[in-house]
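Visitor: Take this structure first; my questions come after.
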């Protein structure tokens, strides 16, 4: 995807966010405006790019990242992977939100 295509998609996303509060990019001149983009070719292209990957490279990257992960990250990774493979969805994620820890159960989100 070219830089111009990425720029247009970002501008369209920003414009969509602004619309939710009654604004548009036109309200923030000299901000560039998004041009209309045909999404069908873009969707097909993104899908093709995402499907065009090398599994060996992905395995190596994951292995390298895990090798350098701190113990807490490695522990969380192992717990999540085990839960997925063993179909044990009663795991919790701890999230730091606005200065306090919160436990979030993934169970309600699993169909």
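The values are calculated or read from the model by the stated rules, or taken from the named source; none is laboratory data. Here the structure is a predicted model, which is why all the values come from computation and not from measurement. Ideal geometry is used to build each Cβ from the backbone, glycine not excepted, and the neighbour counts take in all protein chains shown.
Visitor: Sort out which residues of the stretch 56-111 are at pLDDT 85 or above, surrounded by 10 or more Cβ atoms within 10 Å (Cβ to Cβ) and assigned to a loop (DSSP other than H, G, I, E, B), and write them in order of number.
Guide: The answer is 69, and nothing else.
Visitor: Restricting attention to the stretch 10-39, report how many residues are at pLDDT 80 or above and either closer than 28 Å to residue 52 by Cα or in contact with a strand residue (DSSP E or B) (Cβ under 6 Å, 6 or more places away or on another chain) (or both).
Guide: Number satisfying all stated conditions: 4.
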